[in-house]
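Worksheet: the structure to be examined is printed underneath.
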Amino acid sequence: MAKKTVRDIDVAGKRVLVRVDFNVPLKEGAVRDDTRIRAALPTITYLLEQGAKVILTSHLGRPKKQPKEGLVLNPVAERLAELLKKPVKKLDDLTGATVETVVADMKPGEVVLLENSRFDPREEKNDPSLGEELARLADIYVDDAFGTAHRAHATTAGVAEHLPSVSGFLMQKELDALSTLVTAPGRPFVVVLGGAKVTDKIGVIEAFLDIADDILIGGAMAFTFYKAKGWATGSSLVEDEEGVAVAKRILDKAATAYCNLLLPKDVVVADKMEAEAQTKTVAADQITEGWMGLDIGPATAAAYAAKIAAADEVFWNGPMGVFELAPFAAGTKAVAEAMAECKGMTIVGGGDSVAAVNQFGLAGKMTHVSTGGGASLEYIENGGVLPGVTVLQDKPEA
Ligand code: ADP
Ligand code: MG
């Protein structure tokens with residue numbers, strides 16, 4: 001069901017609390033990459049043009065539930081002010097008396113940025129008292145942080161229980177792109193999964209077995225499947241027994257599923273994870289002691305590229321290899337290039353996968369580059385349900 005957006009609600013003169021994703025990389029007290037701040041500008045600018053009072057909230061990093069000097073949002077406020085070409089009042093707290101006074105004095109068209117939400121130990125617990133305190137600051141809640149929508153935190157879910165809640169433009173764009181994946185994907189629908197975080201991603205494979213035509217496996221995840229098949233994996237990164245058991249279950253399910261689950265048939269192995277390592281390409285079941293698999297092999301890359309070329313919809317999460325090191329980047333590059341040339345709809349999600357696509361200069365060739373890796377996977381795994389999305393008002397059926 002489509003969600004209401006900022007366009008569907010009257011915001012003029014209202015205090016609007018906007019959950020943004022300003023979790024940006026910092027360097028020496030300044031914002032190193034402002035992509036996420038820029039991504040939030042359409043919603044913020046729209047609200048300001050409509051005469052709203054804009055109160056922004058975000059987390060930054062992992063401050064362990066208490067204030068941490070290096071993670072205050074001051075550099076973010078400075079960068080945002082430059083981009084908006086107007087002052088941004090940065091507060092030193094998330095809620096409380098001072099914040100309430102400042103917000104009460106705000107005029108339409110003004111912007112306030114609250115302090116890092118994760119400094120408050122109640123944020124990640126979604127403590128109802130924090131949701132209530134946040135709600136006191138505003139008349140309307142807007143969620144524009146898709147990347148944290150899979151977390152039921154106070155700023156992403158709790159506060160929404162008390163206010164009329166709608167999506168921002170960035171959130172809307174994500175939901176529009178991803179909703180077709182779970183409802184009516186183009187066919188053939190090809191899913192490419194790789195990366196290092198196997199346990200996080202294994203659940204989504206089961207969901208995809210029911211909706212995709214082909215699942216192409218790469219990255220470290222492949223070796224847990226090899227282990228489940230009883231093949232030697234040398235010193236490759238593999239999951240513990242529990243992960244291997246899950247991989248076995250998925251292989252069993254795949255055996256009778258309509259969907260094809262493809263594992264790499266050849267692998268680039270190395271004696272160490274370094275650019276100067278000794279490397280060779282071996283068949284999947286021929287990894288020997290002392291060697292670690294760090295990329296899919298050329299035969300696999302070609303087979304995966306052919307599947308992608310023929311697809312009408314492709315979803316990709318997780319690099320095929322250690323693409324950060326040149327000798328192990330070819331598999332990831334082959335997938336990115338095939339997607340760039342694919343005529344169908346192409347969606348990339350995941351911090352490192354997006355970094356890889358940027359590194360190859362191919363981001364502009366994708367239909368959609370998702371800002372949320374974990375969130376996009378959970379969205380698909382749960383059939384389009386996320387805590388931060390459920391709380392938003394539904395758009396009435398046309
Ligand atoms: P994403 O951020 O796109 O969701 P992950 O965080 O799961 O992806 O994984 C990205 C990391 O996986 C990259 O840093 C890459 O070097 C690593 N990786 C990929 N293949 C392998 C492999 N075979 N062995 C070890 N690490 C790998
Ligand atoms: Mg990552």
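Just so it is clear, none of the values below were taken in a lab; they were calculated from the coordinates. Predicted, not measured: the structure shown is a model, and the values here were computed from it. When we count neighbours, we look across all protein chains shown, and the Cβ atoms used for this are built from the backbone with ideal geometry, even at glycine.
Please list 300-308, 26-34, 145-153 highest first by mean number of surrounding beta-carbon atoms within 10 Å per residue.
145-153, 300-308, 26-34
Holding the Cα-Cα limit at 29 Å, pick out from LYS14/LYS64; LYS85/LYS395; LYS307/LYS365; LYS65/LYS201; LYS27/LYS90; LYS90/LYS125 the pairs that are longer than that. Where the Cα-Cα span goes over 29 Å, the pairs concerned are LYS14/LYS64; LYS85/LYS395.
Dividing the Cα radius of gyration of segment 143-253 by 2.2 N^0.38 Å, with N the residue count, gives 1.35. Where does the Debye-calculated log10 I(q)/I(0) of the chain sit at q = 0.11, 0.12 Å⁻¹, using only Cα point scatterers of equal weight, no solvent? Scattering profile of the chain, log10 relative to I(0): -0.83, -0.95. Couplings for segment 330-338, taken from phi via the Karplus curve 6.51 cos²θ - 1.76 cosθ + 1.60 with θ = phi - 60°, read 4, x, 5, 5, 4, 5, 4, 5, 4 Hz in order; Gly and Pro are left as x. Using θ = phi - 60° in the Karplus curve 6.51 cos²θ - 1.76 cosθ + 1.60, the 3J(HN,Hα) couplings for segment 268-275 round to 8, 10, 9, 7, 7, 8, 9, 4 Hz; x is entered for Gly and Pro. A simple packing score, the average count of other Cβ atoms within 10 Å per residue, orders the peptides 351-359, 222-230, 78-86 as 222-230, 351-359, 78-86, with the highest score first. For SER58, what charge total do you get from the other residues with a beta carbon under 12 Å from its beta carbon, if Lys and Arg give +1 and Asp and Glu give -1? Within the 12 Å Cβ shell, the charges total -1. Counting only residues at least eight positions apart within a chain, or on another chain, the aspartates and glutamates with an alpha carbon under 16 Å from that of LYS227 are GLU239, ASP240, GLU241, GLU242, ASP252, ASP266, ASP285, GLU289. Would you give the gap between the C-alpha center of segment 234-273 and the C-alpha center of segment 127-186, rounded to a whole Å? Taking the Cα centre of segment 127-186 as reference, the centre of segment 234-273 is 35 Å away.
Given +1 at the Cβ of Lys and Arg, -1 at the Cβ of Asp and Glu and no other charges, the dipole of the chain around its Cα centre is 500 debye to the nearest 20. With the convex hull constructed from alpha-carbon coordinates only, segment 183-222 shows a mean projected area of 2.8 nm² over all directions.
Mean residue ellipticity, 222 nm, helices only, the chain: the sum of -39500 (n - 2.57) across DSSP H runs of n ≥ 4, divided by residue count and rounded to 500, is -11000 deg cm²/dmol.
Taking every alpha-carbon pair under 8 Å whose residues sit at least 6 apart, segment 6-172 reaches a relative contact order of 29 percent. The local environment of THR332, defined by Cβ-Cβ distances under 12 Å, has a net charge of -3 under the rule Lys, Arg +1 and Asp, Glu -1. Shape class of segment 185-381 from the alpha-carbon gyration tensor: oblate, with a/c at 1.5 or above and b/c at least as large as a/b. Judged by the gyration tensor of its Cα atoms, with axes a ≥ b ≥ c, segment 6-172 is rounded; a/c sits under the 1.5 cut.
The local environment of TYR258, defined by Cβ-Cβ distances under 12 Å, has a net charge of -1 under the rule Lys, Arg +1 and Asp, Glu -1.
Quick one: of the DSSP bridges fully inside the chain, what percent are antiparallel, nearest 5?
25
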